[in-house]
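Input: a single structure, listed below in structure tokens.
The values are calculated or read from the model by the stated rules, or taken from the named source; none is laboratory data. Quick caveat: nothing in here was measured; it's all calculated off a predicted structure. Cβ sites come from the backbone with ideal geometry, for glycine too, and all protein chains shown count toward neighbours.
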Amino acid sequence: MIDENGQLDLFGQMDLFGAPAPDIAPAPPIRKSKCSANGLVHFKYNSRLKRSIRCKANFLFGHPEVLLPSYMEAPEFADARELAAEWAEHAIRRKTQKNKAIIKDLVTRFWEAVDQVLVDKGKAPLESTGRLPPINPRGRYFNLNQVLEAINHTYFDEQLKCRITWSNRVGGLSFHSLRKDPITGEEFHLISISRGYDAANCPLYAVAGVVYHECLHIVIPVEEKNGRRVVHGRIFRQRERQYIYYDEWIRWHKEVLPKNIRAMHRHKDL
Ligand SMILES: [Zn+2]
């Protein structure tokens, strides 16, 4: 899970492990929910939409209007809305090969940004709420069950009870969520790891690092501080640094993972 200090970078990904923000943050710019930051694209909301957005061209050469699900009116979706506005500006233009690629990329980044907000709020990403997602721990390069077993043995005295899967979405997110088995009714923790880690260029210490990070979310509860949810508090960061390859993993996470995720969007083999 990613804390609210995370920054959106060029790839629409959050900076998972960026330095904590200073206590006195500059006042955020006021973002309105009715139109994009440049004032050109108008937003409308519809409570029947859940996981779809629409755009409508206005007049002959006018800027588009975007129809969004109602929950996206909340301020934390401001960055996602900007991506939707950008998407709409391209979607109403001629569908050249280049424009089609841009549209596709913006749609992916938009839903990633939306999922990121939901994960930060402690909710599972939209696609996987409700029913149980398929659990696929065996990737092309790593069997996550084996990685989890090693981490559980080394850092948690084999006391950790959870399941693990490669994420079912093409995206940059690794996260943890609480699920319920539809048959037994039993609750369990599920760790989902970004497919960007299932790559030939990913060392074992990196995938083990992200598994360790997500395991910590199971044992270290979210703190409430001045009404804010702190998911990566001081205790979390201390425990995180106990991972023996912490520095190497962070470097890989920051330098290589974003490239892998971009390649995934272009449907390249990792
Ligand atoms: Zn986290």
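Descriptive notes on the structure:
- Members of region 21-48 found to be touching a helix residue (DSSP H, G or I) at 6+ places or on another chain (Cβ under 8 Å) and at pLDDT below 85, listed by number: Arg31
- Of everything listed in (1) at pLDDT below 90; (2) within 16 Å of the ligand (Cβ to nearest atom), the single unmet condition for Ile193 is (1).
- Checked against the criterion of being crowded, with 19+ Cβ neighbours inside 10 Å and either small (Gly, Ala, Ser) or not in a helix (DSSP H, G or I) (or both), the candidates Val66, Val114 yield just one match: Val66.
Residues checked against (1) surrounded by 13 or more Cβ atoms within 10 Å (Cβ to Cβ); (2) within 16 Å of the ligand (Cβ to nearest atom); (3) in a loop (DSSP other than H, G, I, E, B); (4) at positive phi:
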site: Arg140; (1), (2), (3), (4): no, no, yes, no
site: Ala150; (1), (2), (3), (4): yes, no, no, no
site: Glu158; (1), (2), (3), (4): no, no, yes, yes
site: Ile164; (1), (2), (3), (4): yes, yes, no, no
site: Asn168; (1), (2), (3), (4): yes, no, yes, no
site: Leu178; (1), (2), (3), (4): no, yes, no, no
site: Gly185; (1), (2), (3), (4): no, no, yes, yes
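- The lone criterion from (1) touching a residue at least 12 places away in the same chain (Cβ under 8 Å); (2) within 17 Å of the chain's Cα centre (by Cα); (3) more than 14 Å from the ligand (Cβ to nearest atom) left unmet by Trp252 is number (2).
- Test: residue in region 211-224 that is of a type in the set (Val, Ile, Thr) and more than 13 Å from the ligand (Cβ to nearest atom): no
- Any chance His189 is in a strand (DSSP E or B), in contact (Cβ under 8 Å) with a residue 60 or more places away in the chain and assigned by TED's automatic domain parsing to the domain that holds Glu240: no
- When region 225-242 is filtered for residues that are more than 11 Å from the ligand (Cβ to nearest atom), part of a helix (DSSP H, G or I) and not hydrophobic (A, V, I, L, M, F, W, C), the ones remaining, listed by number, are Arg234, Gln238, Arg239.
- Boolean, Thr154 is within 18 Å of the chain's Cα centre (by Cα), more than 16 Å from the ligand (Cβ to nearest atom) and closer than 25 Å to Glu240 by Cα: no
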